[in-house]
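The values are calculated or read from the model by the stated rules, or taken from the named source; none is laboratory data. Small disclaimer: the values here were computed from a predicted structure and weren't measured. Positions of Cβ are generated from backbone atoms using ideal geometry, with glycine treated the same way; all protein chains shown enter the neighbour counts.
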Amino acid sequence: MDDLYREIIIEHYKNPSYRGHLDPHDIQFADNNPLCGDHIEITLQVSEDGKVSDARFDGHGCAISQASADLLIESIIGKPLDEVKALKKDHILELLGIDLGPVRLKCALLSLKVLKAGVYGLGEASDELVE
C-alpha cells in the first residue's frame with residue numbers, strides 16, 4: 001500500500017494541479033522550513049459566503065513538501081474558512097497515506113502551517129497551528 005501512496009506523492013510532485021499564484025487573491029502567506037530550505041506560498045480567493053473558491057501554491061522543496069501542498073489545496077477548495085481553520089496535521093497525514101519521521105513531518109506540514117497562518121491573518125506561522 002505504501003508503494004501506491006509513494007506513487008501519488010511523486011505524481012503530485014512532478015505534475016501538481018494547483019501550482020501557481022492567484023491574482024487577485026484575498027489571502028496570501030508564505031513561509032520556509034529552515035531545516036531543509038523548503039518554501040511554500042499559498043494564495044486563496046474567498047467567496048462572499050466565506051468559502052475557498054480557488055487556491056494555489058507555489059514554492060520549491062522536496063517531494064513531500066510540494067506534494068502535500070498540492071493535495072492540501074485540492075482538499076480545501078469549496079470548504080468554508082471555519083473548516084480550513086480546524087484542519088490538523090492528521091488531515092495532511094491522511095492525504096499522504098504514509099508514515100513520516102520527524103524531519104519529513106516538518107516538510108509535510110509546512111503547507112498546512114502556511115495555509116492556517118494566512119487564514120488566521122497572522123504575521124508569522126507557528127508549528128502550534130498544525131498540532
Review point. Mind checking which residues of the range 10-46 are at pLDDT below 95, hydrophobic (A, V, I, L, M, F, W, C) and under 16 Å from GLY59 (Cβ atoms)?
Key: LEU35, CYS36
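Please work out which residue is modelled with the lowest pLDDT, limiting yourself to the range 97-131 and to residues that are aliphatic (A, V, I, L, M), touching an Asp or Glu at 6+ places or on another chain (Cβ under 6 Å) and under 20 Å from ILE10 (Cβ atoms). Walk me through how you get there before you give the answer.
At the first step, the residues of the range 97-131 found to be aliphatic (A, V, I, L, M) are 98, 100, 103, 105, 108-110, 112, 114-115, 117, 119, 122, 125, 129-130.
Now narrow it down to the ones that are touching an Asp or Glu at 6+ places or on another chain (Cβ under 6 Å): 98, 110, 114, 125.
With under 20 Å from ILE10 (Cβ atoms) added as a condition, the list becomes 98, 110.
Values: ILE98: 85, LEU110: 96.
In this case the residue turns out to be ILE98.
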Exercise for review: Run GLU94 past the list (1) more than 12 Å from the chain's Cα centre (by Cα); (2) assigned to a helix (DSSP H, G or I); (3) at pLDDT 95 or above and report the number of the one that doesn't hold.
Suggested key: (3)
Check your understanding: Of the residues ALA69, ALA125, ALA108, which is touching a strand residue (DSSP E or B) at 6+ places or on another chain (Cβ under 8 Å), crowded, with 17+ Cβ neighbours inside 10 Å and more than 14 Å from TYR18 (Cβ to Cβ)?
Key -> ALA125
Exercise for review: May I ask you to list pairs of residues, at least six apart or on different chains, whose Cβ atoms are under 9 Å apart, with the first in the range 60-77 being free of Cβ contacts under 8 Å to residues at least 40 places away in the same chain and the second being surrounded by fewer than 22 Cβ atoms within 10 Å (Cβ to Cβ) and assigned to a helix (DSSP H, G or I)?
Suggested key: SER75/HIS91; SER75/LEU95; ILE76/GLU83
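Among the residues in the range 47-64, are any in a loop (DSSP other than H, G, I, E, B) and in contact with a His (Cβ under 7 Å, 6 or more places away or on another chain)?
Start the filter on the range 47-64 by keeping residues that are in a loop (DSSP other than H, G, I, E, B), which leaves 47-50, 61-62.
Restricting the remaining residues to those that are in contact with a His (Cβ under 7 Å, 6 or more places away or on another chain) gives 61.
Yes - at least one qualifying residue is present in the range 47-64.
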Review point. Looking at the range 108-120, is at least one residue among the aliphatic types (A, V, I, L, M) and part of a loop (DSSP other than H, G, I, E, B)?
Key: no
Review point. Identify, please: which residue in the range 1-46 is free of Cβ contacts under 8 Å to residues at least 12 places away in the same chain and part of a loop (DSSP other than H, G, I, E, B) and is, among those, farthest from LEU96 (Cα to Cα)?
Key: PRO34
